[in-house]
Amino acid sequence: MSHLNSRGARLALVAGHMAGMIDIAALPVWVGTLIGGFGFSPAMGGGLATIFLAGVVLSSVLLSPVFHRMPGRWMPTLGFTVAALAFLSLTRLEGFVPFAIAHAIAGFSVGLAISFVHGTMAHTANPHRIFAMGSLALGVFAVFFLGGAPGLIAKTAPTTLFFLFGGIMAFGALVTGLLFPAASENEDVIADKSAFDRRVWFVILGVMCMALIHAMIFSFAERIGAGRGFDVAQIQAALAISGLVAIAPSILATLLEKRLPPMAVAITGVSLQALVSLTLTRMGGYDIYVACLIAMPFIMLFSHTFVFGHLARIDPTGRANAATPAMIMTGSATGPLLGGILVQISGFPALGIAAALIALISITAFSLSCKGAKPGKEAQA
């Protein structure tokens, strides 16, 4: 148990963010193992991952509105513990229905844990920096996970994936159980029961659109490369470089925190998302392919760090930040499905066009957020 702004609390929040968000980074290995290792069809394998993500979103949607009125000291520990047990149960289960139930339980539990982690981050002295630290930890761990997990699973058994997930969740439970901020500071119940003002809703919409664009484009990065005639080694090298470079935006966002206005960063970021999406889906050449794969996660991570800190300022209850899993994972769950439909109907260029249209919605939302402050609320921004 730690004070809110102590080193121990920061470690718990960073570890909680890493454990709760690793599923996003692990999706390629996860779905691939479900299909290639456990024998599920592509639809079933992808469906199980979607069931997990839907559980995260549902949990975040239900809990984030009441985050500021709930005692959250033990919530992350509870969520990670149940998630660990659900993942470990998958090492002994068989069949789609039992797998689906375990994935739903794991997803809801992870959503519980990470919602309280993100909501508590919003109450720290510097939400922008603590979120950047969490993203950096996630990026570093994801490089090792994606680099080592496939080979380990291939050498052992498909169930190794769920032993790894269970271990990560157990680690999250242990660290948050020991070091999550003390009740006296973390559970300071804020009396504000009013609805979000317009700025908050517009920012939430903008982030959801950014997450949708990223998931829709990046989930087809491998297929786009194959369609251009790049071999497996070239595609894997591009993805590996993308993962390594994705460590940098969190560091850069920390260094530039006081120098760039958050909404300008967000609008610029989503505009670049559209440009990169159109380039990736319409232009050939391996150099362009690699550059686009590097740019996509960089833009998302850099921009979202600024937006997270901005939300903590305009919504001091922490409710908006507690909804971060819902914002991000709604896009992660919807993007591959929408992208698949578009590719099937009209090919890869349709992805770029859709990304540009969604980007216009996001830009509009971020712009309206700058104009949508209620009278008397400016001091919070």
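Before moving on, here are some points about what is shown:
- Per DSSP, loop chymotrypsin sites (Phe, Trp or Tyr not before Pro) in the range 54-156 with at most 16 further Cβ within 10 Å: TRP74
- Overall dimensions of the range 58-170 by Cα: Rg and Dmax, Å: 15.9, 48
- For the range 260-371, the percent of C-alpha pairs falling in each 10 Å distance bin, counted from 0 to the bin holding the largest distance, reads 13, 40, 33, 12, 2.
- Descending by average beta-carbon neighbour count within 10 Å, the peptides 347-354, 88-95 line up as 347-354, 88-95, the highest first.
- Summing Cβ point charges (Lys, Arg +1; Asp, Glu -1) relative to the Cα centre of the chain gives a dipole of roughly 520 debye.
- More than 28 angstrom apart: percent of Cα pairs within the chain: 42
- Modelled spin labels at SER346 and LEU368, positioned 7 Å past Cα toward Cβ, are 2.4 nm from each other.
- Calculated FRET value between ASP231 and ALA100, using beta carbons and R₀ = 51 Å, to 0.05: 0.90
- Overall form of the range 115-269 per C-alpha gyration tensor (a/c, 1.5; a/b vs b/c): oblate
- Stretch gain in nm, segment LEU152-VAL140, where the contour uses 0.36 nm per residue and the Cα spacing is subtracted: 2.5 nm
- The chain: most fluctuating residue of ILE101, ILE204, ILE217 per GNM, C-alpha cutoff 10 Å: ILE101
- Of the DSSP H helices in the chain, those whose Cα atoms cover at least 18 Å axially and whose Kyte score averages 0.0 or more: 7-25, 42-63, 75-89, 96-121, 127-155, 160-179, 198-218, 232-245, 262-282, 286-314, 324-346, 349-371
- Solvent-accessible heavy-atom area per residue, rounded to whole Å², over the chain at 1.4 Å: 41
- Apolar share of the accessible surface for the chain: 72 percent from carbon plus sulfur atoms, 1.4 Å probe.
- Most mobile of LEU174, LEU293, LEU252 in a GNM of the chain (Cα contacts under 10 Å): LEU252
- Oblate is the label for the range 117-187, because a/c, from the alpha-carbon gyration tensor with a ≥ b ≥ c as root eigenvalues, is 1.5 or above and a/b does not exceed b/c.
- Euclidean distance of C-alpha centroids, the range 1-30 and the range 69-147, integer Å: 8
- Dipole of the chain computed with +1 at Lys/Arg Cβ and -1 at Asp/Glu Cβ about the Cα centre; of PHE348, GLY79, LEU278, farthest Cα towards the positive end is LEU278.
The values are calculated or read from the model by the stated rules, or taken from the named source; none is laboratory data. Owing to the predicted nature of the structure, the values given are computational and were not obtained by experimental measurement. As a convention, Cβ positions derive from the backbone with ideal geometry for all residues, glycine included, and neighbour counts pool all protein chains shown. Accessible surface is based on the protein model in full, side chains and every heavy atom, while ligands, DNA and RNA are left aside. Shrake-Rupley method; radii C 1.70, N 1.55, O 1.52, S 1.80 Å.
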